[in-house]
Every structure is written in structure tokens, then in C-alpha cells.
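*Asks:* The structure's right below; bear with me while I get my questions together.
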Amino acid sequence: MRKVLGLVLLLSAFVAACGGGGGSTGNAGGQNPPPTVIHITANIDTPTTWSPSAVYVVDRSIAVNAPLTIQPGTIVKFAAGAGIWSTGTTVISANGTAASPITFTSIKDDSVGGDTNGDGSATQPARGDWDKIDLTASGSLFNNVRFSYGGLYGPTLRINRYNATVTNSVFSHNSGGSIVDSGAPVGALDANFALDATVITGNTFYDNRVPLAISGLFNLDNSNVFHDPAAPATKNTYNGIFLTGHSFKEIVGVVSFAETEVPFVLAGDITVASGSALTLGDNVVVKFFSQYDHLRVLGTLIAEATTGSRIVFTSMKDDAHGGDTNGDGAITSPARGDWAQVLLNASGSRFNRAEFYYTGGDSYYKSAITFGSGFSATIVNSIFAHGDGGNIGADTIGVVNAEMAGAATVITGNTFYGNNVPLRISGLFSIDDSNVFHDPSNSTTTNTYNGVFLMGYSYKEIAGSISFLETEVPFVLRGDVRVILGATLTIGDNVVFKFFPSSEITFAGTVLNSGGPGVWFTSLKDDAHGGDTNGDGAASAPAAADWLGILDATSNWIHLTNELYNQY
């Protein structure tokens, strides 16, 4: 008997020294007889298989320099601070089954594999008990794997500039870093730098700090779960999918984000690269980490929800959309300027049933959407609420800032309320009467400076065949606005034009219905026509000489019967 026991001990010592192998007694459930424990203390330098016939304890951080295969039902425990690094082209294959999952956990975790550290119940497992599994090669597979109590320095499983497949796995009780430490969160599953062939589907995340961080190179569908299925109230401290912007981490290729249980949280300057496209699925919520954070679109952004659905862009502090993502309960509330904007520096983006809240954190733009020079986009059936948009002074920007938008731009059927300045346009596209400038549920909630603003410059003339038909609010003109020779401007009945001081309009082209009944040209201070556009209540009243007037093609002043408070 002593010879047999000695042989087993020698075999265990030999296997531990080689970094692999398995025992022949016990089982993974920790029932009698107790499982064989194999201590891993050396790097893995030859192809190795770990089997469920033993509990493997990684006593220190080791390198995997040769393929490591982990069979279904295998339990791997980690001593304090220990981890695994794959190197070179080495892959780890941990392909469990639903009935026999693979487990990576703390040596203090007695719930699987028994009391491996032999201290009874003297110690309990906790987040960050062990370090991480770090993948520095492409091709590793984790299927039906349970990851618990990892993340000493943030991640529990990190995909570091390579591809990997992580499916049907559970991440619970891990760290995942913090959203306040650096403004660049990592996740319990940290795919911050993962490449385009990465697959993350069907996984469950609960009781982690930050559950998941991704790059902009691969799709994320709606199959991952962000709560404990057995106790749905148990979620994650910062319950979101975090994407941190860097110049070398652009959204590249044709990428789709479809997760709806939790929001996608964008931190930093996120860029959709030139020639690339980001598509957001129905009911996706996108939150922005801070007032400085942009989504810069050099390719295309497609945010088109189907009937009955929506896509939301909002503040990290907005618990009404996507839940309490910053994990502070009701301590913080969202406000204007909580995040910056979506900047369109290419044509072709489309927004339908998109909702934008609490925008304008950029000190210059103050917008929810800003168009780059000459670029066009389609914005329809969308909501812009509680944004900034500048003021009635020099920075009349617009929550939708389309002052430089191209001729193919379409802005129809949208709703603006609770903003400062709702909409600024160029003279290259038409505005119909379908946009709404109040809260449909409370018509008294409008915008501080309630109008459609057009600023006159030589490169923002009214050109082409354009129609201005909006009647709820006035078109507000500043500077020298020109209908250029060869252009046609059609003005709808009951349209109101208001003018900043020292402003004028020149009709060098064709103007239709310019003197028709119910079309008014008047002062910015004239609240009797088009409402209180300058937002000062009764503090100012219109008077003669409030604006310059109307000129014809030869710069002669012309007079219309419904032209108020002007001089020549």
C-alpha cells in the first residue's frame, strides 16, 4: 500500500513539474472520495490536456507556450494573484458542455471541487482573488466556461490584440475594473483590443463590477445576458458594454451593435473609420461617459429603428434609458451638456426613430448632431430633447447643426423640445412643415429660442430648388442671406421669417409666394408672429429699424405688404 501511495505522489509531483496531467481518483463535484489536486507551478511547454479527474491549482502565474486543452467538467483554481498567459501562436481550448462546464475560480471557492486550500470555511472567495487569463494569440476557444472571483488588476479574461471565441459562458463575482479610476473601463471579459474575428455570444454576466469591454472591430448581437438568471435583480455594478476610444481603436469594417438589455457606453473620441459602417439595432441604447465624448463618423452610422422601436443616444447618468449604468442609484441626474455630439464627416448616415438627450457638452459645437462641410444625412422621426444648441448670441449653433449640410440632407418628422436652440440649417436643402417644436405630451414645453436658424454667409446661400414650409416656428435669418441667381425659393403660406439686427435677405433668384397671404417678414423681437423667438418674454418689443430689409437682384430695396419693422 505504501508503494502504491508513493507512486501516486511521485506521479502527481511529476505532472505538476511538467505543468499538466490528471489524477485517477475523486470527481469534480468535491464529493467523497476527495478529488486529486494537481498543483501547477511551471510553464506549459509541451501540448497538454487537463481532465476532470483532478482539480488543478495554478499556484503562480504561468505561461502557456504550447497548446492547452481543457476537457469538459474540469475545475481550475487559482492561488492569490495567479494567472495564465498564452504566448506566441499558442491557443487555449476550453470547450465545455452545458452539462459539464469548465470552471476557473479562486482557491478559496469551496462550492466547486471542495475545500482545496484545506481551511474549512475560514476564508471566502471574493472579486480579484486571482489575476486573469491573458490571450496574446488568436484562435483560443472558451465555450460553457465559468469564470469567478478573478480580476485582480481588472480583467478576468482578456483578449489582447487577437481573436478569440467566447460563447455560452458565465462571468460572475469578478472585478472588471472601475469606471472612475481612469475613465477607460476594462471588463471582466476585456475585449478592448480584440480583433475582427472575435465572437462573444450567449454569455451571462452578473455580480461583476464592469462586465464587458469591447473594441469596434467585431459585431455584438443581442444574445448575451447581464443578470443572474436565477435572481434577475442581481446585475453588475456598472451594467453596460464599454467601448473606449483611441486613435488605434476605431470602428472599422461593417459592424453591428444589437444588445438591448444594457447600453453601449462610449468613452473618449470614438471614430467610425472612413469606408466603414456602424449599424445600431432596434432598441439599442448608446450612453456617453463624459461631456467630452464624441462619436465621430468618417464612414456611415445607421441608426434606423423599425416601427414600435427606437434607438437612444444619451448621458451616462440617464437611468431612464438603459438603467443605472453608473451604479450610483439616484445620486446623479442627467443634464444638458452631459456628452458632446455625433459629428458627421461623411455623407450617407441615416437616423430614423432615434432619440437624443442631454447633448451639447462640446464647448464649441454644443450639438447633438453636427454636419461637416458639404456632407448630407437623413434624420427622420427622431427626438431631440434637453440639449444645448447654444444661445441667441454669437453661438446660435443648433442641437441639430446642419448649417454646412449638403443638398441631399433630409430633416423631416422630428421633434425638438427642452433645448436652447433646436435647429440650424444651410440654404441647400428644404424644410417642410413636418417637424415639431414642442413636447407632444406637454405643448407648453418648447425650446428657449424656438426657431429654425439660417445664418447668411457666402458659402451658405440659398441655392437650387428649395422650399421653406415650417409654420410652427419662424425661420430666423442672420447676416446677409441670399437666394442666388438661378435658385428658386418656395415659401409656404403662414411662414414667418424673423431677422437679427442688421440682417437682410436678397432675392436674386426666383421667390414663389413671397408676398402671399400669411407670409411674414419681421423682427426677431416680434412675439406676435412666430412666438417669443428670442426667449426674453416681454422684455423686448419690436420697432422700426430692427432689421435692414429685402433687396432685389440689383440691390434695390423692395417692399412687401406683410413686411414688419424694417428699414431701407
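Throughout, read-outs are computed from the coordinates displayed, never taken from laboratory work. Everything quoted here is computed from the prediction, not taken from an experiment. All Cβ positions, even for glycine, are placed from backbone atoms using ideal geometry, and neighbour counts span all protein chains on display.
*Asks:* Which order do Val436, Val400 fall in if you start with the one that has the fewest other Cβ atoms within 10 Å?
*Replies:* Going from sparsest to densest Cβ surroundings: Val436, Val400.
*Asks:* Roughly speaking, what is the centre-to-centre gap between region 306-367 and region 434-489 when only Cα atoms are used, to the nearest Å?
*Replies:* 24
*Asks:* Now for a separate question. Dividing the convex hull volume of the alpha carbon atoms of region 250-354 by its residue count, what do you get in Å³ per residue?
*Replies:* Once divided by residue count, the hull of region 250-354 is 95 Å³.
*Asks:* Next question, about the same structure. At 222 nm, what helix-only mean residue ellipticity would the chain give, in deg cm²/dmol to the nearest 500, using -39500 (n - 2.57) for each DSSP H run of four or more?
*Replies:* -1000 deg cm²/dmol
*Asks:* For Cα pairs less than 8 Å apart in space and 6+ apart in sequence, what is the mean separation divided by the residue count of region 361-415, i.e. the relative contact order in percent?
*Replies:* Computed over region 361-415, the figure is 49 percent.
*Asks:* Then there's this: Limiting things to C-alpha atoms, what are the Rg and the maximum Cα-Cα separation (Dmax) for region 92-142, in angstroms?
*Replies:* In Å, with Rg to one decimal and Dmax whole: 13.7, 40.
*Asks:* So which of Lys108/Lys235; Lys287/Lys317; Lys132/Lys249 end up more than 20 Å apart, counting from Cα to Cα?
*Replies:* Table pairs above 20 Å Cα-Cα are Lys108/Lys235; Lys132/Lys249.
*Asks:* From the phi angles alone, apply the Karplus equation (6.51, -1.76, 1.60; θ = phi - 60°) to region 312-326 and give each ³J(HN,Hα) in whole Hz, x where the residue is Gly or Pro.
*Replies:* My calculation for region 312-326 gives 10, 10, 7, 7, 4, 8, 8, 6, 6, 10, x, x, 7, 6, 8 Hz in order.
*Asks:* Moving to a separate point now. Given that compact globular proteins tend to follow 2.2 N^0.38 Å, what is the ratio of the alpha-carbon Rg of region 424-499 to that value?
*Replies:* 1.14
*Asks:* Give me the Kirkwood hydrodynamic radius of region 218-293, using the inverse of the mean 1/r over all pairs of distinct Cα atoms, in Å to one decimal.
*Replies:* Evaluated on region 218-293, it is 13.5 Å.
*Asks:* Using a simple spin-label model with points 7 Å from Cα along the Cα→Cβ vector, what separation in nm is obtained for Leu512 and Ala544?
*Replies:* 3.6
*Asks:* Quick one: work out the % antiparallel among DSSP beta bridges in region 214-370, nearest 5.
*Replies:* Antiparallel: roughly 5 percent of the beta bridges in region 214-370.
*Asks:* Additional query: What is the antiparallel percent of DSSP beta bridges lying wholly in the chain, to the nearest 5?
*Replies:* Once the DSSP bridges in the chain are tallied, antiparallel ones form about 5 percent.
*Asks:* How long is the gain from Val410 to Asp119 if the chain were fully straight, where each residue apart is worth 0.36 nm and the alpha carbon distance is subtracted?
*Replies:* 97.9 nm
*Asks:* Enumerate the calculated ³J(HN,Hα) couplings along region 59-67 in order (Karplus 6.51 cos²θ - 1.76 cosθ + 1.60, θ = phi - 60°), each rounded to whole Hz, writing x wherever the residue is Gly or Pro.
*Replies:* 7, 8, 5, 10, 9, 9, 9, 9, x
*Asks:* In terms of modelled amide H atoms, which long-range or inter-chain residues lie less than 5 Å from the amide H of Val272?
*Replies:* Ile251, Arg296, Val297, Leu298, Gly299
*Asks:* Could you name the lysines whose alpha carbon sits less than 20 Å from that of Lys525, not counting residues in the same chain fewer than 8 places away?
*Replies:* Lys498
*Asks:* In a Debye calculation with equal point scatterers on the alpha-carbon sites of the chain and no solvent, what is log10 I(q)/I(0) at q = 0.09, 0.11, 0.12 Å⁻¹?
*Replies:* Reported log10 I(q)/I(0), two decimals: -0.72, -0.92, -1.03.
*Asks:* At a 10 Å Cβ-Cβ cut-off, how would you order Lys498, Lys108, Lys132, fewest neighbours first?
*Replies:* Fewest to most other Cβ atoms nearby, the residues stand as Lys108, Lys132, Lys498.
*Asks:* Something else: Taking a ≥ b ≥ c as the square roots of the Cα gyration tensor eigenvalues, with a/c under 1.5 meaning rounded and otherwise prolate when a/b beats b/c, else oblate, which class fits region 286-401?
*Replies:* It is oblate, given that a/c is not under 1.5 and a/b is not larger than b/c.
*Asks:* Would you give the gap between the C-alpha center of region 497-560 and the C-alpha center of region 203-276, rounded to a whole Å?
*Replies:* If you average the Cα positions of each part, the centres end up 50 Å apart.
*Asks:* Further, regarding this structure: Using DSSP to define loop residues, name the chymotrypsin sites (Phe, Trp or Tyr not before Pro) in region 343-401 whose beta-carbon has at most 11 other beta-carbon atoms within 10 Å.
*Replies:* Here the chymotrypsin sites (Phe, Trp or Tyr not before Pro) that fit, given the DSSP loop and packing criteria, are Tyr364.
*Asks:* Once both labels are modelled 7 Å past Cα along the beta-carbon direction, what's the Asp536-Asn222 spacing in nm?
*Replies:* Between Asp536 and Asn222, the label points sit 5.0 nm apart.
*Asks:* Check which residues have an amide H placed less than 5 Å from Gly456's amide H, if you skip close sequence neighbours.
*Replies:* For Gly456, the qualifying residues are Arg478, Gly479, Asp480.
*Asks:* Between Thr415 and residues 5 or more places away or on another chain, which pairs have amide H atoms under 5 Å apart, with H built 1.01 Å from N, and which residues are they?
*Replies:* Distant-sequence amide H within range of Thr415: Ser382, Ile383, Phe384, Val436.
*Asks:* Determine, for each peptide in 332-339, 144-151, the mean count of other beta carbons within 10 angstrom over its residues, then list the peptides with the highest first.
*Replies:* Final packing ranking: 144-151, 332-339.
*Asks:* Please state the shape class of region 97-196: rounded when a/c is under 1.5, otherwise prolate if a/b exceeds b/c and oblate if not, all from the C-alpha gyration tensor.
*Replies:* oblate
*Asks:* Turning to a different aspect of this structure: Based on the alpha-carbon gyration tensor of region 383-475 and its eigenvalue square roots a ≥ b ≥ c, which shape applies: rounded if a/c is under 1.5, prolate if not and a/b is larger than b/c, or oblate?
*Replies:* Oblate, since a/c reaches 1.5 and b/c is not below a/b.
*Asks:* Under a crude label model (7 Å from the Cα following the beta-carbon direction), how far is Ser333 from Asn43 in nanometres?
*Replies:* Roughly 5.8 nm, to one decimal.
*Asks:* Which three extents, in whole angstrom, do the alpha-carbon atoms of region 30-139 cover along their principal axes, largest first?
*Replies:* Taking the Cα atoms of region 30-139, the three principal extents are 40, 28, 23 Å.
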